[in-house]
Amino acid sequence: MSPSAGTASDLPPITADDVALVVRLAVGVLREAPAEGWGSKAGSLEWDCWETVEHLANDLFYYAVQLGPQTPPLDTHVPFALNQKRPEAPTVFFYAEREAGPAGLLQVLEASGALLVAMVRTTPPEVRAHHAAGASGPEGFAALGLQEMLVHMHDVAEGFGLDWTPPAALCSRVLARLFREAPDDTDPWPTLLWATGRGELPGRPRLTTWRSDSTPRS
């Protein structure tokens, strides 16, 4: 039987090591991606696979820099300028050099992941910083980074036709930390996909809107 999602009170906190693990697993899968597939649509998204991985790198960077100021803002994000190449594209802080190819893009993803890992490891747990899903501390930003990596890698893997099945225990902890209303008696990975609008569960239709909650847990 697959492990259940569990509850926040009986699962260990999410750590920098978890972020490092997921980035490493994702890069390992993406290194097997066919070179001609980066312009393919990423799952159900309007973005292609390159844009989605670029978005992932931006997410990890964004979560890291929110924790950077001596007094992080609580009403809005640290004001790096945002850009968008086309109306349907993700809004990002930076782009990877296309000339560097997929290998360069993966270096950008790894570097952004390393920034988040470092900030989660070194930021005092009582620090709070802004996020639209709720002001949070380093553990919450680590959880948000995992959520983005896990579900957007699902999108990218669909676009390439690759397998992406992350560790069930890790999915359980993301669910318990960010989706307190999600069922805890179902397989964690399909449940996380359901909670983020990417699948169905028995008796539970696919969600058309969803929202994570990154506020600290007691």
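The values are calculated or read from the model by the stated rules, or taken from the named source; none is laboratory data. The shown structure was predicted, so the numbers you read here are calculated from the model rather than taken from an experiment. Reconstructed Cβ throughout: ideal geometry from the backbone, glycine too, with neighbour counts over all protein chains shown. Keep in mind that these areas ignore ligands, DNA and RNA; they rest on the heavy atoms of the full protein, side chains included. Shrake-Rupley method; radii C 1.70, N 1.55, O 1.52, S 1.80 Å.
Please go through the stretch 128-183 and pick out each residue that is under 12 Å from the mean Cα position of the chain (by Cα) and at pLDDT below 95.
Scanning the stretch 128-183 gives no hits.
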Exercise. Looking at the stretch 32-47, is at least one residue under 19 Å from GLY113 (Cα atoms) and either acidic (Asp, Glu) or buried (at least 22 other Cβ atoms within 10 Å of the Cβ) (or both)?
Worked result: no
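Table: residues versus (1) in contact (Cβ under 8 Å) with a residue 12 or more places away in the chain; (2) surrounded by fewer than 24 Cβ atoms within 10 Å (Cβ to Cβ).
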residue: GLY104; (1), (2): no, yes
residue: VAL108; (1), (2): yes, yes
residue: GLY113; (1), (2): yes, no
residue: VAL120; (1), (2): yes, no
residue: GLU126; (1), (2): no, yes
residue: HIS130; (1), (2): yes, yes
residue: GLY140; (1), (2): yes, no
residue: ALA143; (1), (2): yes, no
residue: GLU148; (1), (2): yes, yes
For this session: Could you tell me whether any residue of the stretch 86-102 is in a loop (DSSP other than H, G, I, E, B), touching a residue at least 24 places away in the same chain (Cβ under 8 Å) and exposed (fewer than 13 other Cβ atoms within 10 Å of the Cβ)?
Result: yes
Seminar exercise, completed: Scanning the stretch 198-208 residue by residue, those open to solvent by 50 Å² or more (accessible area, probe 1.4 Å) and closer than 15 Å to VAL151 by Cα turn out to be GLU200, ARG206, LEU207
Exercise. Within the stretch 61-78, is even one residue touching a residue at least 40 places away in the same chain (Cβ under 8 Å), small (Gly, Ala, Ser) and not in a helix (DSSP H, G or I)?
Worked result: yes
